[in-house]
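Notes follow once the structure below has been shown.
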Amino acid sequence: MMNSKADRLDRPDRPIVPDIVQFCCQLYFAQEGESPLVIDIMRLGSLKGRCSVKYHTEDASALSGREFEACSGELIFEHGEDAKEISVVINDDDNWSPSTEFRVVLTHPQNCKLGQDLQQCRVKIIDDDAFPGNKHREEIEKGEDAIWNISGFSLFWEFFRLNFISEGMAWRTVLTICFDQMKNGYLMLTLVMKTYLINVVLDTSVSNERLIFPDRRLCAIVIGMLYILPLSILHVWDYYKLSLDVQGRTKMFIQTTLFRKYLNYSEAWQKLLRSSDTTWALGSSWIKLQYSPGQMPKGSKKI
Ligand SMILES: [Ca+2]
Ligand SMILES: [Ca+2]
């Protein structure tokens, strides 16, 4: 049986063994916006004298400045103190995402040592937003029948917004939209050149004053080059666009976020989904995975 705090302080005969400072558990959960998250640190041992540890947060799938605010500092345990707290600000947003996590790490123990297995802990941030956005949250929470009543364009726009703000998608999308206009420009150029070639260059009854160069042959050669040279630029762009892979990244974003969402379901929730449904949802659709809170099995916990 563990001795009381007073017993431990009143036993001078106890051999000098450094106190242990560690987290109370390996995993903490925080709901988006439920801030600050309080993380408990405990000190085990004689509690004699003063000891201290430093702490800091480390990014993982949750990034500081986005899902949470980074923090660091020093915890000083005075004589007899056996508990401290760390407060971490958890941010809230309106963007759907899977659960993300970051780490809090203890370092630099002074007059104590760190617990072997609990010198760092993970913090899992549970997303509280509807897919693909909160604009249609009410209908989405009512279930599949209500979802079908949502305007298709509005739903698409919400998905586009979600996809656009995902990592690396904004500049790729803008670049693709802008540079794809080169094909429209080339089409316009060829239409103008065809008209000019037929109506002016090849029609010898037309006055030479309308030629861009004094010689008709030279005009034809220049027009021919203007047909061919832009094609090489368009080809280079098409080749580079393959590496941007906007379509592939969109699919990957949905598949990875859905899979991570599924892995964070409680056992009761995972039992609700047949493996065939999961495979189908990951491969072609995702609507089945987004259950509303009202559909949660009794006594289960969505994590
Ligand atoms: Ca939120
Ligand atoms: Ca969110």
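Relative to the globular-protein estimate of 2.2 N^0.38 Å, the Cα radius of gyration of the chain stands at 1.65. Answer with one residue from N184, V17, L202: the one whose Cα lies farthest towards the positive end of the charge dipole of the chain, charges on Cβ with Lys, Arg +1 and Asp, Glu -1. So the residue we want is L202. Pairs of Cα atoms nearer than 8 Å and 6+ residues apart set the relative contact order; for the chain it is 16 percent.
Taking the charge dipole of the chain about its Cα centre, with +1 at Lys and Arg Cβ atoms and -1 at Asp and Glu Cβ atoms, the residue from N95, I233, G33 reaching farthest to the positive side is I233.
If the segment from H79 to M42 were pulled out straight at 0.36 nm per residue, it would be longer than the present Cα-Cα gap by 12.0 nm.
One chain, two ends: C178 and D93. Fully extended at 0.36 nm per residue, the span grows by 27.7 nm beyond their Cα-Cα distance.
Between the beta carbons of D59 and K271, assuming R0 = 30 Å, the FRET efficiency works out to 0.35 to the nearest 0.05.
The magnitude of the dipole of the range 58-112, with charges of +1 and -1 set on the Cβ of Lys/Arg and Asp/Glu and taken from the Cα centre, is near 180 debye. Among E78, E101, E144, the order by Cβ neighbours within 10 angstrom, fewest to most, reads E78, E144, E101.
Just checking the listed ones, S61, S205, S87: in the Gaussian network model of the chain with Cα springs under 10 Å, the one fluctuating most is S205. So how far, in whole Å, is the C-alpha centre of the range 186-224 from the one of the range 50-118? With the range 186-224 and the range 50-118 each reduced to a Cα centre, they are spaced 72 Å. For the pair E141 and F253, the difference between a 0.36 nm per residue extended length and the Cα-Cα distance amounts to 38.0 nm.
A Stokes-Einstein calculation at 37 °C with viscosity 0.692 mPa s, built on the Kirkwood radius of the range 5-126 over Cα pairs, returns a diffusion coefficient of 215 µm²/s. Once the trypsin sites (Lys or Arg not before Pro) in DSSP loops with at most 16 neighbouring Cβ atoms within 10 Å are cut out of the chain, the longest remaining piece is 67-273. Taking a ≥ b ≥ c as the square roots of the eigenvalues of the alpha-carbon gyration tensor, the range 106-211 is classed oblate because a/c is 1.5 or more while a/b is no larger than b/c.
Remark: Y239, Y186 ranked as Y239, Y186, counting other beta-carbon atoms within 10 Å and listing the fewest first. Each residue of the range 243-252 was assigned a 3J(HN,Hα) from its phi angle through the Karplus expression (A = 6.51, B = -1.76, C = 1.60, θ = phi - 60°), giving 6, 5, 6, 4, 5, x, 5, 4, 5, 4 Hz with x at Gly and Pro. Plainly put, the range 169-244 has a radius of gyration that is 1.17 times its Kirkwood radius, both from alpha-carbon atoms, as the Rg/Rh ratio. For the chain, a simple Cβ point-charge model (Lys and Arg +1, Asp and Glu -1, everything else neutral) yields a dipole of about 800 debye relative to the Cα centre. Summing charges over all other residues whose Cβ lies under 15 Å from the Cβ of G168, with Lys and Arg as +1 and Asp and Glu as -1, gives +3. Measuring between alpha carbons in the structure, the pairs from K135/K261; K48/K124; K142/K261 lying more than 26 angstrom apart are K48/K124.
Please list, or write none, the aspartates and glutamates whose alpha carbon is within less than 19 Å of the alpha carbon of K194, excluding same-chain residues fewer than 8 places away. Output for K194: D203, E209, D215. The modelled label-to-label distance between I16 and R103, using points 7 Å beyond Cα along the C-beta direction, is 3.3 nm. Distant-in-sequence amide contacts of T100, defined by a placed amide H-H separation under 5 Å and a gap of 5 or more residues or a different chain, comprise I125, D127.
Using a cutoff of 8 angstrom between alpha carbon atoms and counting only pairs six or more residues apart, the relative contact order for the range 169-244 works out to 34 percent. For the range 33-46, backbone phi angles converted through the Karplus equation (6.51, -1.76, 1.60; θ = phi - 60°) give residue-by-residue couplings of x, 7, 10, x, 7, 9, 10, 8, 10, 10, 10, 10, x, 6 Hz, Gly and Pro being listed as x. Is the range 226-268 best put as rounded, prolate or oblate by its Cα gyration tensor, with a ≥ b ≥ c the root eigenvalues, rounded for a/c under 1.5, and otherwise prolate when a/b is larger than b/c, oblate when not? It comes out prolate by the Cα gyration axes. Here's the list of aspartates and glutamates a cross-link from K241 could span, going by alpha-carbon distance under 17 Å and ignoring same-chain residues fewer than 8 apart: D180.
Bear in mind that the values in this text are calculations on the coordinates, not laboratory data. Source: prediction; values computed, not measured. Positions of Cβ are backbone-derived with ideal geometry, glycine not excepted, and every protein chain shown enters the neighbour counts.
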